[in-house]
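To start, the structure under review is shown below, and the notes come after it.
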Amino acid sequence: MLLRIVFLLFCCCGYTFIAGAQSVSFKDGTALPPAYCRADTAYALAGQPAGGVFAGCGVFQQNGNWYFNPYTASATTNSFPLLCTLSYTVNGNTVEFPLWIWKPVSLLASGDTATCDGRFSLAMETAYAGDYSFAWTPAALLDQPGAAHTTGQTPQSRTFTCMVTDLSTGCQASDSIRVHKYPLPQLTLSRDTLILQHTRLQLQASGALTYQWAPATWLDQAAIANPVTSPADSITYTVTGTNEYGCTASATVHIDLARGFYFPNAFSPNGDGLNDEFRIVNFGYQALKEFRIFNRWGQQVFFTMNGSKGWDGTYNNNPADAGTYHYLVRIKLEDGTENTVKGDLTLLR
């Protein structure tokens, strides 16, 4: 609907204008609102009678049409609200319209961010003071989707958009923040193990780009995937792996240290190179006093005082029968005391 003015005295915020028999509207015929959000939007104007010239409020002509753009009209100021005067002159007569341009909803987003465990935080600030509402989407992944600052959790990379509304003017603006979800390292680590005293063990980790072991005690190197340890006591190592995205994951391996001497409970002297002898798995003792093996009838089938020797499963140079045998071992320990151990073993054929 055209705004038709015959004679009008109008006062607004100290501005007075007098108009003759002319009218101004949008090109589609709707009336000009008195106030605008500072958006980069070009509104096509029309004046009656036609053929006149528009001026003020940053109006411009393009392809024979006149346009008003609130952003262009307020490009040179940071003071809001801004009052500018739009005029239309035709046949020597001028009509003036005061137009208000509200402060912009100017947003300062916290910027794209990255997460390894899926947790993240978002922040949206406004350049101008005021009373605003905030609406983040997708809201289901956020702890406080209606707040300027919020946290959340996402299983994958996604974009979050915040619509901000100036509650005093209804003007709106939106901005987006991309959350990049990076994978955690998938660490594979040596199993927990039992080793003998004075034994070296190589640890092995994989699934990351760099590694850091802690504590570094007894390790030859603490910042490689496969350090060698020579523990003097039982110990638990934690390795932290970092991948190419800077994400970290940790895993632990426990090493138990067996003290004294140790015996297997079976052996198979079949010449395959595996468990072909029954021997003391021995470390740290000073002297072997005796090592004897007896069959079920109490006959001694093996004797030695050499700790490096073991029973090969023969008796009188013939293969001994499969079955259960008994051993007796007497050893002088590092502290000078003696220890006697008795037990059973199984000879497998």
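Read-outs: derived from the displayed coordinates by stated rules, not from any lab. Please read all numbers here as calculations on a predicted model, not as lab measurements. With ideal geometry, Cβ positions are generated from the backbone for all residues, glycine too; neighbour counts draw on all protein chains shown.
Among all the lysines, which ones have a C-alpha under 29 Å from K332's C-alpha, if same-chain residues fewer than 8 places away are not counted?
Cross-link targets: K289, K309, K342.
Between Y182 and V228, what's the calculated FRET efficiency when r is the beta-carbon distance and R0 is 35 Å? Round to 0.05.
0.65
Using a basic spin-label model with each label point 7 Å from the Cα along Cα→Cβ, how many nm lie between A322 and T238?
4.9 nm
Kindly provide the pair-distance distribution of the stretch 160-213 built from C-alpha pairs, with 5 Å bins from 0 and whole-percent values in order of increasing distance.
Bin by bin from 0 Å, the calculated values are 4, 11, 13, 10, 8, 7, 6, 6, 6, 6, 6, 5, 4, 3, 2, 1.
May I ask you to compute the full-extension gain from S121 to Q172, defined as 0.36 nm times their residue separation minus their alpha-carbon distance, rounded to one decimal in nm? If you can, show how the numbers build up before the last one.
On the way: separation 51, 0.36 × 51 = 18.36 nm, distance 2.26 nm.
The S121-Q172 span can extend by a further 16.1 nm.
Of the listed values (1) 1.13; (2) 0.96; (3) 1.51, grab the one calculated as Rg/Rh (Cα atoms, Kirkwood Rh) from the structure here.
Matching entry in (1) 1.13; (2) 0.96; (3) 1.51: (3).
On a full-extension model of 0.36 nm per residue, what is the gain between D131 and R296, subtracting their alpha-carbon distance, rounded to one decimal in nm? Kindly include the intermediate steps, with their values, before the conclusion.
Numbers: separation 165, 0.36 × 165 = 59.40 nm, distance 9.48 nm.
Contour length minus the Cα-Cα distance gives 49.9 nm.
Once you sort the root eigenvalues of the Cα gyration tensor of the stretch 188-258 as a ≥ b ≥ c, which label holds: rounded (a/c under 1.5), prolate (a/b larger than b/c) or oblate (the other case)?
Numbers: a/c = 2.51, a/b = 2.12, b/c = 1.19.
Taking the square roots of the gyration eigenvalues as a ≥ b ≥ c, the stretch 188-258 is prolate.
Under the Karplus relation 6.51 cos²θ - 1.76 cosθ + 1.60, θ = phi - 60°, what is the ordered set of whole-Hz ³J(HN,Hα) values for the stretch 115-132, x standing for Gly and Pro?
Rounded to whole hertz, the list is 9, 9, 9, x, 7, 7, 9, 10, 9, 10, 10, 10, 6, 10, 5, x, 9, 10.
If I stretch the segment between S106 and T161 completely, what's the gain in nm (0.36 nm per residue apart, minus their alpha carbon distance), one decimal? Intermediate results must be reported in sequence, preceding the final value.
Details: separation 55, 0.36 × 55 = 19.80 nm, distance 1.47 nm.
Gain on stretching S106 to T161: 18.3 nm.
Net charge around Q204, counting only other residues with Cβ within less than 15 Å of its Cβ (Lys, Arg = +1; Asp, Glu = -1)?
On the way: positive: R191, R200; negative: D192, D220.
Net local charge, Q204 excluded: 0.
In whole Å, what is the distance between the alpha-carbon centres of the stretch 218-275 and the stretch 47-83?
78 Å
Given only helices, namely DSSP H runs of n ≥ 4 each adding -39500 (n - 2.57), what is the per-residue ellipticity at 222 nm of the chain, to the nearest 500 deg cm²/dmol?
Details: 1 runs with 4 residues, N = 349.
Helix contribution divided over all residues of the chain: 0 deg cm²/dmol.
Working from the alpha-carbon coordinates of the stretch 262-347, get Rg over Rh, Rh being the Kirkwood radius. Can you show the working numbers first?
Numbers: Rg = 12.8 Å, Rh = 13.3 Å.
When Rh is taken as the Kirkwood radius, the ratio is 0.97.
Using a Förster distance of 30 angstrom, determine the FRET efficiency expected from the C-beta separation of D220 and S308, and round it to 0.05. Intermediate results must be reported in sequence, preceding the final value.
Details: r = 28 Å, r/R0 = 0.92.
It comes to 0.60.
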